[in-house]
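Below: the structure, in structure tokens.
The values are calculated or read from the model by the stated rules, or taken from the named source; none is laboratory data. From a predicted model like this one, the values you see are computed outputs, not experimental measurements. Note: ideal-geometry Cβ built from the backbone for every residue, glycine included; neighbour counts use all protein chains shown. Note: accessible area is taken over every heavy atom of the protein model, side chains too, but ligands, DNA and RNA are not part of it. Shrake-Rupley method; radii C 1.70, N 1.55, O 1.52, S 1.80 Å.
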Amino acid sequence: MSAASNYLENALLDHVLANTAYTQPTLYLGLFLNTSTNAASNLEAGTLTDEVTTSGSAYARQTIAFDAASGGSADNTATVTFPAATANWGTITHVAVMDAATSGNVLFYGAVTTSKTIESGDTFQVSAGNLTISLA
């Protein structure tokens, strides 16, 4: 994924060019549906409309960590496994790296290579090294 949100673009520009502090947050991976048909645009703007939100479904953002950047990109260091769904979550079409366990800001986002429908009892997993963030 190489799309940075408007929030992150501004924060990084301010940090590098305007000497404004930016503290590295704990990172979380969030799962998103394309229910509004504008998931990518919403994520760029920081609108969380399409995040999995089925009440009582066991969905929660999961922490994620990345290797040091090399060649302009960084990969996730460990497998990220979401808990088994206790209700249908829908079809996951996008993921986003967030700066909070709930609410918060979108940092990076992108479409998954293959959409995955999560029904009750299913899990969603991103294997180590399978989520790459690059700056283009």
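In the range 44-75, how many residues are open to solvent by less than 40 Å² (accessible area, probe 1.4 Å), within 16 Å of His94 (Cα to Cα) and assigned to a strand (DSSP E or B)?
Filtering the range 44-75 down to residues open to solvent by less than 40 Å² (accessible area, probe 1.4 Å) leaves 46, 50-52, 57, 61, 64, 73-74.
If we keep only those that are within 16 Å of His94 (Cα to Cα) too, we end up with 46, 50-52, 61, 64.
Cutting the leftovers down to assigned to a strand (DSSP E or B) gives us 51.
Counting residues in the range 44-75 that are open to solvent by less than 40 Å² (accessible area, probe 1.4 Å), within 16 Å of His94 (Cα to Cα) and assigned to a strand (DSSP E or B) gives 1.
Within the range 118-126, is even one residue surrounded by 15 or more Cβ atoms within 10 Å (Cβ to Cβ), touching a strand residue (DSSP E or B) at 6+ places or on another chain (Cβ under 7 Å) and either part of a loop (DSSP other than H, G, I, E, B) or aromatic (Phe, Trp, Tyr) (or both)?
Checked against the condition, which is being surrounded by 15 or more Cβ atoms within 10 Å (Cβ to Cβ), touching a strand residue (DSSP E or B) at 6+ places or on another chain (Cβ under 7 Å) and either part of a loop (DSSP other than H, G, I, E, B) or aromatic (Phe, Trp, Tyr) (or both), the range 118-126 yields at least one hit.
Report, by residue number, each residue of the range 20-38 that is under 18 Å from Asn88 (Cβ atoms) and outside any loop (DSSP other than H, G, I, E, B).
Gly30, Leu31, Phe32
Give the residues of the range 1-43 that are within 16 Å of the chain's Cα centre (by Cα), open to solvent by less than 40 Å² (accessible area, probe 1.4 Å) and without any contact (Cβ under 8 Å) to a residue 24 or more places away in the chain, sorted by residue number.
Pass one, the range 1-43, residues within 16 Å of the chain's Cα centre (by Cα): 1-9, 24-34, 38-43.
Then drop every residue that is not open to solvent by less than 40 Å² (accessible area, probe 1.4 Å), which leaves 3-5, 8, 25, 27, 29-33, 39, 42-43.
Of everything in the range 1-43, just one residue is within 16 Å of the chain's Cα centre (by Cα), open to solvent by less than 40 Å² (accessible area, probe 1.4 Å) and without any contact (Cβ under 8 Å) to a residue 24 or more places away in the chain, namely Asn42.
Take Ala87 and decide whether it is in contact (Cβ under 8 Å) with a residue 24 or more places away in the chain, aliphatic (A, V, I, L, M) and either in a strand (DSSP E or B) or open to solvent by 40 Å² or more (accessible area, probe 1.4 Å) (or both).
When the stated conditions are applied, Ala87 does not pass them.
I want to confirm something. Restricting to the range 99-117 and keeping residues that are part of a strand (DSSP E or B), in contact (Cβ under 8 Å) with a residue 12 or more places away in the chain and of a type in the set (Ser, Thr, Tyr), which single residue is surrounded by the fewest Cβ atoms within 10 Å (Cβ to Cβ)? Outline the logic, then answer.
So in the range 99-117, the residues part of a strand (DSSP E or B) come out as 106-117.
Cutting the leftovers down to in contact (Cβ under 8 Å) with a residue 12 or more places away in the chain gives us 106-112, 115-117.
From what is left, the residues that are of a type in the set (Ser, Thr, Tyr) are 109, 115, 117.
On the way: Tyr109: 25, Ser115: 13, Thr117: 11.
Of everything passing the filter in the range 99-117, Thr117 is surrounded by the fewest Cβ atoms within 10 Å (Cβ to Cβ).
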